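As structure tokens, the structure follows; a few thoughts come after it.
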Amino acid sequence: MNRWILALLSLWLVAGCAGTSGGTKKQQNSTVAAAFQEIGARELALGLPEAAIGDLTRALEADDADPNTYHFLGLAYLQLQQYRDAEQVLGIAVERGPEIGEIHNTLGTLYSVQRRWPEAQAAFQRALQCTDYRTPEVALYNIGRVHAEQGDFAAAAVALQQAIAANPGYAPPYLELAHVRDEAGDPEGANQVLQDALTRFPDNGSIFFARGKLLYRQHLYQQALAALSEAHRLVKDESERAEIQRYIDILE
């Protein structure tokens, strides 16, 4: 699955279903709509986008006013890589909830997957303008990635540093900033970013893995093996563990 979508879903799974409707509905069948929305949101969180689409559609049949339902439906289509449908329902979500930053962030992710960089950056910037947006570090991180994808590493570094300042407890910007530093020809700076990250996230296997690969490319094999071994111990994802093991097999 595209890494933009994976990052978005990871964030949304951490946030849980906090965006589900909680206000008083005007329609008589608002209770039915809220129930289907909640079921659909949970199915989406469990990685069942097809089932989520069915229940979110039922929620819209009962109440088509809630922007969160369109947002969740857009997430489901995005997970299925049905980008045209995702853009259509996310457009409605924006119309119904123009000040919901999470919707603009998801729309920016959709544009990023399609490499529509100007539109992606505009959507992420719009998310930052929403006064109730709870996770500005995410939009800033995504802006950094947009710049990095276009080769503007200086602008990427600025946005990623802003993301870290907005929430030092959010790990992805550290990894991306290290990648940016490395791509810009500053492996020492990249290593420093990862070392700083590990002081804050000592149990993050992905950071150890990134540092192990960096040290490997610098031919610092003993240090690389130590970092990779720690990454293998900490990482739970089987595919990532297998990739780490390949590096370890080379070095042992």
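The numbers here are math on the coordinates, done by the rules we state, and not lab data. All figures in this text were calculated on a predicted structure; none of them were measured in a lab. Cβ placement follows ideal geometry from the backbone for every residue including glycine, while neighbour counts extend to all protein chains displayed.
Here are a few things to note about the model shown:
- Dipole of the chain computed with +1 at Lys/Arg Cβ and -1 at Asp/Glu Cβ about the Cα centre; of Ile103, Pro49, Tyr221, farthest Cα towards the positive end is Tyr221.
- Normalised by residue count, region 107-248 yields a Cα convex hull volume of 115 Å³ per residue.
- Straightening the chain between Asp196 and Arg134 buys 19.8 nm, computed as 0.36 nm per residue apart minus the Cα-Cα spacing.
- Given [x] 67, 34, 30; [y] 129, 30, 20; [z] 67, 40, 25, the label whose value is Cα extents along the principal axes in Å derived from this model: [x]
- Gained length - Asp186 relative to Gln223, 0.36 nm times residue gap less alpha-carbon distance: 11.5 nm
- In degrees, nearest ten, helix 49-62 long axis to first principal axis of the chain (Cα): 30 degrees
- Trypsin sites (Lys or Arg not before Pro) within region 35-141: DSSP coil, no more than 12 neighbouring Cβ in 10 Å: Arg115, Arg134
- Cα centre as origin, Lys/Arg/Asp/Glu Cβ charges: the chain dipole, Debye: 140 debye
- Angle in degrees between helix 187-200 and the longest Cα principal axis of the chain, rounded to the nearest 10: 60 degrees
- Between helix 3-15 and the chain: long-axis angle, C-alpha atoms, 0 to 90°, nearest 10: 70 degrees
- Euclidean distance of C-alpha centroids, region 125-156 and region 191-217, integer Å: 22 Å
- Added length on full extension, which subtracts the Cα-Cα distance from 0.36 nm per residue, Tyr83 to Arg233: 50.3 nm
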